[in-house]
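Scroll down for the structure; my scribbles are underneath it.
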Amino acid sequence: MKYLDEYRDAEVASKLANQLKHLVSHEWTIMEVCGGQTHTICQYGLEELLPDGIELVHGPGCPVCVTPLELIDKAVTIAGLPDVIFCSFGDMLRVPGSECDLLEVKARGGDVRVLYSPLDALKIATSNPDKKVVFFAVGFETTAPANAMAVWQARRLGLRNFFLLCSHVTVPPVISAILQAPQNKVNAFLAPGHVCAVMGWREYEPISSHYQVPIVVTGFEPLDLLEGIVRCAKQLESGEAKLENQYGRAVNRLGNQGAQSLVCEVFDITDRAWRGLGLIPKSGYRLSFPFRDYDAERVFGVETVTAQESPVCISGQILRGLKKPHQCPAFARQCTPEHPLGATMVSSEGTCAAYYKFGRFAPWKGI
Amino acid sequence: MCLAIPGQIEELFDNDGLKMARVNFGGIRRATCMEYAPGAAAGDYVLVHVGFAISVINEAEAARQYEALKVSGDLAEAQNTLRVPEAE
């Protein structure tokens, strides 16, 4: 596939790794923010190519993972209603709520459907006028424009039976929250390429400058990640702290302004609770006032549902880059992808799930 | 979740007032909303996330970056070779 295969070239990867080995003279901790990047790093064993001085820690950029438990409970409640068709991306179905997951709701007879795109939910709403069609709108800035378009198009088509259960979160506030934590040990960030394809990289300039931390917007292929790490290491070794864009083939400074504009129209910025991290001010989106009639939480009266997290799980510390999965007493014992206890095990993009899948049960290079 | 796949636009069309395209992902074809990439034309590569084109891939930049990576790797290797101390 064009623009995929080139960036998986093993020979170039080993040359980049060699370059990195000669570059690094200190110990540095670099966080890749996005769960998709974590997955690539584990899948291709990229950490094996890194010199001892570079430690990668895995950030909070898996939206499935950070969706709060109480929102899963709200989804389960709504999906169990007899006149509802509950639609979602596939990776939300196995995330356990306090009582059960959406797959169990489906097994009990609930009409739960996995969709490729939120626009598919509009087709279902059109052909099922006697049902209420709810789409579980989870995701970062990459996904928000798609869900914004679905709501906007629903209003344009006059659909009155389409609703959004909205749990959108945004990346810059969580990077700031990680950097503000007194125990923070992250020295540089690989910023998420597809979030930046939508939002542009200008949002990250003030963070890099304010906290004096290198930030490199990075793609998702092995060579992208290695180059992102090389660029971070070069800045760290030379005492620089600036924004760089490694993913120039898809990302520019201003981003996709058409997408940003519709997101602004359909959503308002709001405080959001992150599973494992807690409440982060102004870190997500909710439907704006003109679109309130499409808000499933309001329409189905589930705004006050609350839930209790597992006391054993250390996902909050993992999401901040302070601990690794094998440092959790429950990892691969009580907590597995089949029976996840918390945020970082619930999705295949979660750090614990990636470590479990690729057999990372023991410390890595003594870390 | 933020997975986005590059695909090539085969044909543009309209559906319920939305700009759409048939996009080929290495042989698999899917209808894709083009509202956020309105300037893209048949033959262009786009990055597609949950059925929406979010970015037109800059082909020149993709090729330039790959070539630069190959060269930078080669240069690093050349420098490393130079650093090997001569046998006494």
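FYI, it's all coordinate maths here, none of it is from the lab. Only a predicted model underlies this, so the values are computations on that prediction, with no experimental measurement involved. Note that each Cβ is placed from the backbone with ideal geometry, even for glycine, and that neighbours are counted across all protein chains shown.
Here are a few things to note about the model shown:
- Cysteines without a disulfide-compatible neighbour (Cβ-Cβ under 4.7 Å), chain A: A:Cys34, A:Cys42, A:Cys87, A:Cys100, A:Cys166, A:Cys196, A:Cys232, A:Cys264, A:Cys313, A:Cys328, A:Cys335, A:Cys352
- Unsatisfied cross-links (Cα-Cα over 26 Å) in the set A:Lys74/A:Lys357; A:Lys242/A:Lys357; A:Lys242/B:Lys70; A:Lys74/A:Lys131; A:Lys74/A:Lys123; A:Lys74/B:Lys19: A:Lys74/A:Lys357; A:Lys242/A:Lys357; A:Lys74/B:Lys19
- When each of B:Phe13, A:Phe289 is scored by the number of other beta-carbon atoms lying within 10 Å, the sequence from fewest to most is A:Phe289, B:Phe13.
- Cβ-based net charge around A:Leu69, under 12 Å, with every Lys or Arg adding one and every Asp or Glu removing one: -3
- Packing rank of A:217-226, A:335-344, A:243-252, A:16-25, where each peptide gets the mean count of other beta carbons within 10 Å, highest leading: A:217-226, A:243-252, A:335-344, A:16-25
- Angle of helix A:10-23 to the longest C-alpha principal axis of chain A, folded into 0 to 90 degrees and rounded to 10: 60°.
- Local electrostatic count at A:Phe162 - Lys and Arg +1, Asp and Glu -1, tallied over other residues with Cβ under 12 Å: +3
- Cut-off under 5 Å, modelled amide H: who pairs with A:Gly255 long-range: A:Gly200, A:Trp201
- Bridges between two residues of the protein assembly as shown, per DSSP, are antiparallel at a rate of about 45%.
- Listed values for region B:20-27 are Karplus-derived 3J(HN,Hα) couplings in whole Hz (6.51 cos²θ - 1.76 cosθ + 1.60, θ = phi - 60°), namely 10, 8, 8, 10, 9, 9, x, x, and x replaces Gly and Pro.
- Under-5 Å amide H pairs with A:His168, H placed in peptide plane, nonlocal only: A:Tyr285
- For the pair A:Cys100 and A:Tyr116, label points projected 7 Å from Cα toward Cβ lie 3.0 nm apart.
- Footprinting exposure proxy ranking of B:Ile28, A:Ile215, fewest other C-beta atoms within 10 angstrom first, gives B:Ile28, A:Ile215.
- Relative contact order of region A:1-114, taken over Cα pairs closer than 8 Å and 6 or more residues apart, is 20 percent.
- Simple spin-label estimate for A:Ala107 and A:Lys242 gives 5.6 nm between the two label positions (7 Å along the Cα-to-Cβ direction from each Cα).
- Net charge of the neighbourhood of A:Asp9, taken over other residues with C-beta under 11 Å away and scored Lys/Arg +1, Asp/Glu -1, is -1.
- Cα-projected label distance for B:Asp14 with A:Lys131, points at 7 Å along beta-carbon direction, nm: 3.0
- Between 0 and 90°, nearest 10: helix A:257-266 axis offset from chain A longest Cα axis: 40
- Region A:222-239 and region A:240-271: distance between their alpha carbon centers, rounded to Å: 22
- Plainly put, chain A has a radius of gyration that is 0.98 times its Kirkwood radius, both from alpha-carbon atoms, as the Rg/Rh ratio.
- Mean residue ellipticity (222 nm) of chain A, computed from DSSP H runs ≥ 4 via -39,500 (n - 2.57), nearest 500: -10500 deg cm²/dmol
- Inter-centroid distance (Cα atoms) of region B:1-18 relative to region A:160-188, Å: 28
- Calculated from backbone phi, Karplus (6.51, -1.76, 1.60) coupling profile of region A:292-307 in Hz, x at Gly/Pro: 4, 5, 9, 7, 4, 4, 6, 5, 9, x, 10, 4, 9, 4, 10, 8
- With respect to chain A, whose longest principal axis is taken over its alpha-carbon atoms, helix A:118-127 is tilted by about 10°.
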